[in-house]
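Q: Quick one: the structure is below, questions incoming.
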Amino acid sequence: MTKNVRKKKSPGGRLLVHKAKRKTRNSHCRICGTVVQTNTLKDSKSGRHADRPYGGEICHACLRTTIQALDL
Ligand SMILES: [Zn+2]
């Protein structure tokens, strides 16, 4: 993995390292690949994804079908 680091010379002659901010990426469902609903503005980890089993990893539709398939 490449680091987003750039070396810049300051006007005073010092060599500075500028680190670029990492881009955030929406989490996707492990089964169907759709974007899972998340709120990236919340600070706490529990506030960022749905509060259910596999919340933030599997979408609600896939979770429902897998649970229904296991009950049969
Ligand atoms: Zn899904």
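Each reported figure results from applying straightforward, stated rules to the coordinates on display, with no laboratory input. All values derive from a computational prediction rather than experimental measurement. Because the Cβ atoms are built from the backbone with ideal geometry, glycine has one as well, and the counts that use them run over all protein chains shown.
Q: Just name the residue that is surrounded by the fewest Cβ atoms within 10 Å (Cβ to Cβ) out of those in region 1-36 that are within 16 Å of the ligand (Cβ to nearest atom) and not in a loop (DSSP other than H, G, I, E, B).
A: So in region 1-36, the residues within 16 Å of the ligand (Cβ to nearest atom) come out as 26-36.
Within this subset, residues satisfying the condition of being not in a loop (DSSP other than H, G, I, E, B) are 28, 35.
On the way: His28: 14, Val35: 11.
Only one residue fits best here, namely Val35.
Q: Here's another thing I want to ask about it. Among what's in region 45-72 and is surrounded by fewer than 13 Cβ atoms within 10 Å (Cβ to Cβ) and outside any helix (DSSP H, G or I), pick the residue that is farthest from the ligand (Cβ to nearest atom).
A: In this case the residue turns out to be Leu72.
Condition check ((1) more than 29 Å from Val5 (Cβ to Cβ); (2) in contact with a His (Cβ under 9 Å, 6 or more places away or on another chain); (3) among the basic types (Lys, Arg)) across all residues:
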| residue | (1), (2), (3) |
| --- | --- |
| Arg25 | no, no, yes |
| Val35 | yes, yes, no |
| Thr40 | no, no, no |
| Gly47 | yes, no, no |
| Ala50 | yes, yes, no |
| Pro53 | yes, no, no |
| His60 | yes, no, no |
| Gln68 | yes, no, no |
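Q: Does Leu41 satisfy being more than 12 Å from the ligand (Cβ to nearest atom), of a type in the set (A, V, I, L, M, F, W, C) and under 17 Å from the mean Cα position of the chain (by Cα)? Even if it seems obvious, please write down each step before you answer.
A: Working: more than 12 Å from the ligand (Cβ to nearest atom): yes; of a type in the set (A, V, I, L, M, F, W, C): yes; under 17 Å from the mean Cα position of the chain (by Cα): yes.
Criteria met by Leu41.
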